[in-house]
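Inspection log for the structure reproduced underneath, given as structure tokens.
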Amino acid sequence: MMRIGLWGVAAAIMTIPLPEAAHSINPDSLPIPFGPSATIDGEVAPEEWTSANLVTFSFQDVLGDYVTVSVWLMHDGRSLQAAFVFKRTNEDIFLAPELFLDTDNDKSSKLRSDDWWFHVSGSDCASAGRYDDYSTCTLNADWETGPRPSQRERGEQLDRYEIRIPFSKLGVVTGSEVGLGFRVMHSAQVSGEWVILTAFWPLQGSPESPATWEEAVLLPNS
Ligand SMILES: [Ca+2]
Ligand SMILES: [Ca+2]
């Protein structure tokens, strides 16, 4: 009887579900909170981004002045959402926001086919495995930007952008960890010539190397 009982206990223990397989979220990952679906119109209304996490950085622009970049990040369970707000001292600088995403978070030292580049300026450009790939630019992308490309006047120096990228395009879900980078293209005319430079975040990171990007997690709704 005792043996049977012990076996019974053992069997009972064996049927207790094991904890989720060995995947633990890096506690240092940048949280991308769950939040509402923003209206992607380029109006960064405080009430629509209160759930979001904020990253700020600054850089010296092509004319030597400082630009501060604020990026709000959240997701609505279906899409990644980002709002860029630039504070600049020089009105003559043209600024364009870019997002880099290592969607399988493999932190490779070179870009692979899951590593996306998104660029917003006169049109919307996105490429996997490459950046500065302007052959992909379109006015009708399968991801959203605000103001819409048709509302962005040629040469207009905008300081606010909203971006929404479907999880289905990225191959991620709520709970996924991704590598994350931002880049701002800044350009101006210097002595009659257009000079174009870029500033990357993380500041020591490189667009060519997901290994240098920030790890972020698409937090579950809690
Ligand atoms: Ca909005
Ligand atoms: Ca990757």
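Which residues, counting only those in the stretch 169-200, are assigned to a loop (DSSP other than H, G, I, E, B) and crowded, with 20+ Cβ neighbours inside 10 Å? It would help to see each step written out before you state the result.
Step one: of the stretch 169-200, the residues assigned to a loop (DSSP other than H, G, I, E, B) are 171-176, 191-192.
Passing the criteria: only VAL172.
So is SER127 under 16 Å from the mean Cα position of the chain (by Cα) and within 16 Å of ligand 2 (Cβ to nearest atom) or not? Yes.
Taking ARG154 as the residue in question, decide whether it is within 27 Å of THR68 (Cα to Cα), at pLDDT 95 or above, basic (Lys, Arg) and out of contact with any Cys (no Cβ under 9 Å at 6 or more places or on another chain). Here the answer is no, as ARG154 does not meet what is asked.
Tally the residues that are among the aromatic types (Phe, Trp, Tyr) and more than 23 Å from THR138 (Cβ to Cβ), restricting the search to the stretch 107-122. Give the steps one after another, and end with the answer.
From the stretch 107-122, those among the aromatic types (Phe, Trp, Tyr) are 116-118; that's our starting set.
Narrowing further to those that are more than 23 Å from THR138 (Cβ to Cβ): none.
Count: 0.
Exactly one residue out of ALA45, ALA83 is in contact with a strand residue (DSSP E or B) (Cβ under 9 Å, 6 or more places away or on another chain), farther than 23 Å from SER209 by Cβ and within 16 Å of ligand 1 (Cβ to nearest atom): that is ALA83. Being in contact with a His (Cβ under 7 Å, 6 or more places away or on another chain), surrounded by 21 or more Cβ atoms within 10 Å (Cβ to Cβ) and part of a loop (DSSP other than H, G, I, E, B) is the filter here; which residues of the stretch 48-93 pass it? Scanning the stretch 48-93 gives ASP61, VAL62.
Residues in the stretch 145-168 that are surrounded by fewer than 18 Cβ atoms within 10 Å (Cβ to Cβ) and either more than 19 Å from ASP92 (Cβ to Cβ) or touching a His at 6+ places or on another chain (Cβ under 8 Å) (or both): ARG148, PRO149, SER150, GLN151, PRO166, SER168.
One line per residue, one yes/no per condition, for (1) assigned to a strand (DSSP E or B); (2) surrounded by fewer than 18 Cβ atoms within 10 Å (Cβ to Cβ); (3) within 16 Å of ligand 2 (Cβ to nearest atom):
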site	(1), (2), (3)
ALA96	yes, no, no
LYS110	no, yes, yes
TRP116	yes, no, yes
ASP142	no, yes, no
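The number of residues in the stretch 16-40 being at pLDDT 95 or above and not hydroxyl-bearing (Ser, Thr, Tyr) comes to 9.
The values are calculated or read from the model by the stated rules, or taken from the named source; none is laboratory data. All of these numbers come straight from a predicted model, not from anything done at the bench. Every residue, glycine as well, gets a Cβ built from its backbone with ideal geometry; the counts of neighbours run over all protein chains shown.
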